[in-house]
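Novice: One structure, pasted below without further comment.
The values are calculated or read from the model by the stated rules, or taken from the named source; none is laboratory data. These figures come from a predicted structure and were not determined experimentally. Neighbour counts are summed over all protein chains in view; Cβ atoms, including those assigned to glycine, are modelled from backbone coordinates with ideal geometry.
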Amino acid sequence: MKLKFVSLVIFLTIFVLAIAIGIVVIKGYISQKQLLPITEKEKPMAIKKESEETLVYLTFVINVHDFVNLTESADVIKKAMEVYKKYNVKGEFYLTSTMWEKYKENYPEIIELLKDEKHATVSYHIRPPHPVYPGFTSKIEGLNKEELKEILRKYETHSLNLETGNYENKEGGYALMKKDLGYAPPSAGIFSDKPEIVETEVEILKEMGLSMIVRHGDGGSLADFGEKKYGLWIRPADFEILEDENGKAWWNTDKKPADLLSEKISYFTEKKYPTLLRVNILVLVLSMKIISI
Amino acid sequence: MKDTPWALIYYTDIKKTTPKSPPYDLTQKLPPSFQRSENEINDIWLRYEELVKKASEDPNIEIVTSKELIEKLEKK
């Protein structure tokens, strides 16, 4: 009887241990499987299974600054808006204040198109002869902080004379765009090689409602999600669909940007983030300058 | 245009290496050879539209502008 009881205890112990070992093995297998690279076929399902969050945030960016070919530039905006409406998506147009004024005067329908907040966000950027732009700073050289702030505020509230580089006695700049749009352009590309100039320009635009800046520098315009500078968000971007490995823009090659997008996404999911569990947010910025608009 | 259309107004060269001084001559344009043909432009648009279509149909892609990004950053 005693022997039978001992045998039963031994049997039960082995049975429980076997189940426990089995669970550990299965668990180990599952976690190992999550770390294995996924195949093309598995990918979409795996992404949906492991993460409820969006994998890629994508922005269609169009820089608009061709005041020389105003009609062609207006046509590009019309065409881009047609495409965005067709697929019910939104694009972001970075305009210089010069372009805003010129459209307002010559193509008011473009202003109305850009005001369609369902399909467009208007942001701001700076090009020559604006005195913040590198190489065009002669009008603001040697000024102290207060003087610099005062003169840059004039530029952001007045029209820029393209021939002299001076501001005119006419409303313009970031302030006019904000007034016409009914919202402050949320993001701005401020390219300058002088930190004190960028800092002052950002201070002024921030007071007017700017929330985000685009990084310009050696590393291009890439930035992490949540990075800040001058008290503003830096536009986040893990990659751009812009140039190929030889530095050629996709529109100057026969490459398809849709293919480049797939390549970039798979690079990020398979190399930068080998386990999908780590993927939270990727941001992609697409720049398109079809005819340098 | 195959390059920055105002390059020669503000710079001495198309590569934009040397800025000019004011007054700037607004009549300075790029040579006609920099103009894209209709076919080239149409081809670029076709490829661009293909991308927009693909992105809009992908359930793992959310198309945003900086407006939405700022909202997401503020909530974070």
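Novice: Determine whether A:Glu163 is within 14 Å of chain B (Cβ to nearest Cβ), assigned to a loop (DSSP other than H, G, I, E, B) and over 14 Å from the mean Cα position of the chain (by Cα).
Specialist: yes
Novice: Turning to a different aspect of this structure: Can you confirm whether segment B:27-44 contains a residue that is crowded, with 18+ Cβ neighbours inside 10 Å and small (Gly, Ala, Ser)?
Specialist: Checked segment B:27-44: no residue is crowded, with 18+ Cβ neighbours inside 10 Å and small (Gly, Ala, Ser).
Yes/no matrix, rows are residues, columns are (1) under 23 Å from A:Ala74 (Cα atoms); (2) touching a Phe, Trp or Tyr at 6+ places or on another chain (Cβ under 7 Å); (3) not charged (D, E, K, R):
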site: B:Asp3; (1), (2), (3): yes, yes, no
site: B:Asp13; (1), (2), (3): no, no, no
site: B:Thr27; (1), (2), (3): yes, no, yes
site: B:Pro31; (1), (2), (3): yes, no, yes
site: B:Leu51; (1), (2), (3): yes, no, yes
site: B:Glu57; (1), (2), (3): no, no, no
site: B:Lys76; (1), (2), (3): no, no, no
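Novice: Residues A:Ser97, A:Ser138, A:Ser123: which one is of a type in the set (S, T, N, Q), surrounded by 20 or more Cβ atoms within 10 Å (Cβ to Cβ), under 25 Å from A:Lys194 (Cα atoms) and at the interface with another protein chain (Cβ under 10 Å from one of its Cβ atoms)?
Specialist: Criteria check complete, one pass: A:Ser123.
Novice: Still on this model: Can you tell me which of (1) under 30 Å from A:Gly165 (Cβ atoms); (2) out of contact with any Leu (no Cβ under 7 Å at 6 or more places or on another chain); (3) modelled with pLDDT under 90 is the one B:Pro23 doesn't meet?
Specialist: For B:Pro23, the exception is condition (3).
Novice: Can you confirm whether B:Lys2 is modelled with pLDDT under 90, assigned to a helix (DSSP H, G or I) and of a type outside the set (Gly, Ala, Ser)?
Specialist: Criteria not met by B:Lys2.
Novice: Give A:Gly247, A:Gly226, A:Gly173, A:Gly189 a once-over and let me know the one that is on the phi > 0 side of the Ramachandran plot and within 13 Å of chain B (Cβ to nearest Cβ).
Specialist: A:Gly226
Novice: Within segment A:217-265, track down each residue that is within 15 Å of A:Val56 (Cβ to Cβ) and hydrophobic (A, V, I, L, M, F, W, C).
Specialist: Those that are within 15 Å of A:Val56 (Cβ to Cβ) and hydrophobic (A, V, I, L, M, F, W, C): A:Leu222, A:Phe225, A:Ala237, A:Phe239, A:Ile241, A:Ala258, A:Leu260, A:Leu261, A:Ile265.
Novice: Could you pull out the residue among B:Ile70, B:Ile61, B:Ile41 that is modelled with pLDDT of 90 or more and either of a type in the set (A, V, I, L, M) or in contact with a Ser or Thr (Cβ under 8 Å, 6 or more places away or on another chain) (or both)?
Specialist: Exactly one residue qualifies, and that residue is B:Ile70.
Novice: Here's another thing I want to ask about it. What number of residues within segment A:190-218 satisfy the criterion of being under 18 Å from A:Pro134 (Cα atoms) and either part of a loop (DSSP other than H, G, I, E, B) or touching a residue at least 60 places away in the same chain (Cβ under 8 Å) (or both)?
Specialist: Counting residues in segment A:190-218 that are under 18 Å from A:Pro134 (Cα atoms) and either part of a loop (DSSP other than H, G, I, E, B) or touching a residue at least 60 places away in the same chain (Cβ under 8 Å) (or both) gives 13.
Novice: Okay, moving on. Need pairs with beta-carbon distance below 8 Å; first residue within 7 Å of another protein chain (Cβ to nearest Cβ) and touching a residue at least 24 places away in the same chain (Cβ under 8 Å) and within segment B:45-60, second outside any helix (DSSP H, G or I) and charged (D, E, K, R); sequence gap 6+ or separate chains.
Specialist: Final answer for the pair search is none.
Novice: A further question follows. Considering each of A:Gly217, A:Gly226, A:Gly209 in turn, give the residue that is modelled with pLDDT of 95 or more and under 19 Å from the mean Cα position of the chain (by Cα).
Specialist: Criteria check complete, one pass: A:Gly209.
Novice: Additional query: Within segment B:29-42, track down each residue that is over 19 Å from A:Val64 (Cα atoms) and at the interface with chain A (Cβ under 9 Å from one of its Cβ atoms).
Specialist: Hit for segment B:29-42 is B:Glu40, nothing else.
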